Amino acid sequence: MFVKIFRWILISLSLYSRIPVFKFDMTEDDMKNSLMFFPFVGVIIAAVTIALYHFFEYAGVDNTVTALILVVVPVVITGGFHLDGFMDTEDALRSYRSKEDKLKILKDPHIGAFAVIGLLICIITAIASVRLLLDAYDARFVYLMGCMFVMSRSLSGITSLTMKKAKDDGMLAGETKKAAGFIMISQAIWLIVSAVTALYIYPFAFVFLSISCAVCVLYYAGMVKKQFGGVTGDTAGYLVTVIEVSAVTVLAIFCILTGL
């Protein structure tokens, strides 16, 4: 059993990150069970982010430079996997076409203007927000960011498992097809552990963080149902991106309101 779990962890890393791992011939069962460890990628991102933060703080690196690098960390580790889904979804949403045409746009490998605009807004907002958090000189905010990387992925996993799929083919459909209840339980455990950790780190700020996540999920659930008829792999990446950018923005607002 431990061999299988280790195999699923490696497959999850190969699917959801650019971390070099052994390559496997994946079965449908592997694809399904690897989803259990999707949030583990968030743990790795969190560990790297926190380690770099403390290193740059010790080295006296300017907060703007630190913010730029910390924002890039998830992109480097995942290879922009979720940003790609975000950009495809932005193009489809702003096309104002039928559901069928929007689903075709999601498959289109070309990048549209709305995708670029959306990406720029996300990056600028994230960098500015992280810079504000660093200016508070409170490491708890960086630890909360670490928890957020896990929460965003567990919430994306939960919504992907529970919500209707927009199409029967594709990576997401393959991963969630006939998914057992224990896979859902695993996502819930990741979410609970990361949320409890965030609550322990900074209870007051956690309230803002949890509200931000809840609002993002509620918006996402209504949006994908109306615009696409269900979830896809691209919209799952969109949710991860929106949760993470919204979370750091809300935490930055929390800093401003509390005068930190």
Failed item in (1) more than 15 Å from GLU244 (Cα to Cα); (2) surrounded by 15 or more Cβ atoms within 10 Å (Cβ to Cβ); (3) not aliphatic (A, V, I, L, M), with PHE55 passing the rest | (2)
Which one is surrounded by the fewest Cβ atoms within 10 Å (Cβ to Cβ), of the residues in segment 76-99 that are assigned to a loop (DSSP other than H, G, I, E, B) and of a type outside the set (S, T, N, Q)?
-> TYR96
Test THR125 against the stated conditions and say whether it is among the β-branched types (Val, Ile, Thr) and closer than 19 Å to THR232 by Cα.
-> no
Quick one: is THR49 within 15 Å of THR241 (Cα to Cα), assigned to a helix (DSSP H, G or I) and polar (S, T, N, Q)?
-> no
Could you grab me the full set of residues in segment 121-138 that are farther than 21 Å from MET87 by Cα, in a helix (DSSP H, G or I) and hydrophobic (A, V, I, L, M, F, W, C)?
-> VAL130, LEU132, LEU133, LEU134
For ALA205, indicate whether it is in contact with a Leu (Cβ under 8 Å, 6 or more places away or on another chain), closer than 18 Å to PHE40 by Cβ and at pLDDT 90 or above.
-> no
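The values are calculated or read from the model by the stated rules, or taken from the named source; none is laboratory data. Being a predicted model, the structure only gives us computed values, none of them experimental. In this analysis, Cβ positions are derived from the backbone assuming ideal geometry, glycine residues included, and neighbour counts consider all displayed protein chains.
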